[in-house]
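Working notes, structure below.
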Amino acid sequence: MGTYVMKFGGTSVATSERIQNVAKRVLQEVEVGNKVVVVVSAMGKTTDHLVEMANHVSTHPSKREMDVLLSTGEQVTTALLTMALHQLDVPAQSFTGWQAGMMTDDVASNARIEQIDCEKITTCLNEGKVAVVAGFQGIDHEGNITTLGRGGSDTTAVAIAAAIQAERCDIYTDVDGVYTSDPRFVPTARKLAELSYDEMLELAHLGAGVLHPRSVELAKNYQMPMSVRSSYEQVEGTVLKEEVQMEKDLVVRGVAFEGEIVRLTVYFSEAYMGSLANIFTTLAKHHINVDIIVQSIIPNASPTVSFSVKKEQLEETLNVLKEYKNTLGYDYIDHELELAKVSIVGSGMASNPGVAATMFDCLFRLGIPVKMVSTSEIKVSVVVPQEEMFKAANALHEQFELSKAAVAIEN
């Protein structure tokens with residue numbers, strides 16, 4: 001018996017019937033004596049529908065009002081789930097993000113949690129009730145409703161688990177764990193029993209949509225036991241931990257991919273005398289996330305700086321760079337669309353030289369051009385044409401034999 005945080009995503013609560021099924025899963029934990037906090041997302045495609053409605057009434061809706069609007073989706077779910085629990089004679093109380101004490105910074109639509117006053121949640125649990133909390137949202141120091149960005153309910157769940165010192169935090173979703181790649185597009189992908197925080201963090205950043213990266217960061221920082229499990233089946237999921245004991249012989253443990261990548265290239269008519277930090281500090285101040293960066297300085301050629309961003313941030317990136325053109329001192333900007341990022345991830349790569357070469361050779365043999373490269377101790381990412389994304393992912397999955405790996409357990 002202990003304190004347990006359960007998080008259910010949008011597909012898990014998409015209908016009233018699924019909400020009733022979630023209530024039954026919660027009941028199982030209550031019946032064995034656990035104190036339970038449930039964090040929920042908006043039902044199904046609710047957030048998408050709310051965004052569409054906003055776009056119908058305004059061409060440029062303010063981010064503050066978008067936060068007010070989008071936060072309502074999770075509130076609907078909390079109320080319905082609490083009602084479903086009451087129907088099963090389970091005492092429960094719903095909380096909005098701000099009622100749950102979720103304090104954030106003031107960055108509308110992509111806020112970060114600064115602290116949690118968990119007194120109300122703790123009181124609820126001590127009274128023998130289930131606390132049902134709206135994920136994805138909080139309140140800033142001026143009293144404005146804020147949202148944490150897509151996938152923010154994962155972050156809410158882990159943050160609450162850490163704040164109340166829960167025994168574990170389980171993320172329930174429409175898949176039964178974390179796979180070596182996305183099984184919808186890589187048919188030979190298989191479920192991993194365990195994954196390190198660092199590996200999951202890389203996979204999440206690189207396009208694996210199972211968990212939000214910030215939730216994994218929090219779990220690692222607070223050493224919070226965490227797992228990814230199925231909302232529909234009573235099966236073991238994937239456990240996230242600091243060090244993995246199973247399948248430690250795997251050099252590469254996953255292949256991730258992400259489409260809609262744009263490569264921007266900033267050209268200078270003469271050698272750039274300023275710091276590269278000037279460009280990326282300017283973009284960072286406008287909350288633009290830059291990924292792969294490549295600088296080229298060649299004698300008798302114009303210096304260039306290339307970097308990648310998501311397509312959804314292209315317009316804003318171009319506007320910011322144009323606004324600060326005189327300060328940054330560049331000549332002109334070019335960009336290339338229809339690109340994708342494909343990555344291999346594995347903690348074993350740090351001690352196994354030649355992994356990147358194997359990756360590049362595999363792509364070369366298939367005639368897939370590599371336009372940008374980024375590496376770290378446990379990952380290699382390449383930017384390729386988007387039309388080649390699935391082909392590259394499947395080839396790399398086969399190249400590193402991820403579907404055939406034997407499970408090795410160390411006692």
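The values are calculated or read from the model by the stated rules, or taken from the named source; none is laboratory data. Computed from a predicted structure; not experimentally measured. Please note: Cβ atoms are built from the backbone with ideal geometry, for glycine as well, and neighbour counts cover all protein chains shown. Ligands, DNA and RNA are excluded from the accessible area calculation, which covers all protein heavy atoms including side chains. Shrake-Rupley method; radii C 1.70, N 1.55, O 1.52, S 1.80 Å.
Some points to look at:
- Scanning the range 1-30 for residues that are in contact (Cβ under 8 Å) with a residue 60 or more places away in the chain and β-branched (Val, Ile, Thr), we see that the one that is farthest from Asp154 (Cα to Cα) is Val30.
- Criterion: under 13 Å from the mean Cα position of the chain (by Cα) and either among the aliphatic types (A, V, I, L, M) or farther than 25 Å from Lys310 by Cα (or both) - qualifying residue of Leu195, Leu211: Leu211
- One residue alone among Thr46, Thr77 is open to solvent by 20 Å² or more (accessible area, probe 1.4 Å) and β-branched (Val, Ile, Thr), and that residue is Thr46.
- In the range 56-67, the condition of being open to solvent by 90 Å² or more (accessible area, probe 1.4 Å), modelled with pLDDT of 95 or more, among the polar types (S, T, N, Q) and farther than 16 Å from Ala157 by Cα is met by no residue.
- Filtering Thr147, Thr238 for residues that are of a type in the set (Ser, Thr, Tyr) and under 24 Å from Ala111 (Cβ atoms) leaves a single hit, Thr147.
- Inter-residue pairs, beta-carbon under 8 Å, first farther than 27 Å from Glu243 by Cα and in the range 366-385, second open to solvent by 50 Å² or more (accessible area, probe 1.4 Å) and assigned to a loop (DSSP other than H, G, I, E, B), 6+ apart: Val383/Val370; Val383/Lys371; Val384/Pro369; Val384/Val370; Val384/Lys371; Pro385/Pro369; Pro385/Lys371
- Scanning the range 171-195 for residues that are in a strand (DSSP E or B) and open to solvent by 10 Å² or more (accessible area, probe 1.4 Å) yields Thr173, Tyr179, Lys191, Glu194.
- Enumerated strands (runs of 3 or more DSSP E) restricted to the range 286-355, each holding at least 2 residues that are surrounded by 16 or more Cβ atoms within 10 Å (Cβ to Cβ) and at pLDDT 90 or above: 304-310, 332-345
- Unique residue being open to solvent by less than 40 Å² (accessible area, probe 1.4 Å), of a type outside the set (Ser, Thr, Tyr) and outside any helix (DSSP H, G or I) when the list is Val90, Val26, Val22: Val90
- Single condition Val210 does not satisfy, out of (1) more than 28 Å from Ser376 (Cβ to Cβ); (2) of a type in the set (A, V, I, L, M, F, W, C); (3) open to solvent by 20 Å² or more (accessible area, probe 1.4 Å); (4) free of Cβ contacts under 8 Å to residues at least 40 places away in the same chain: (1)
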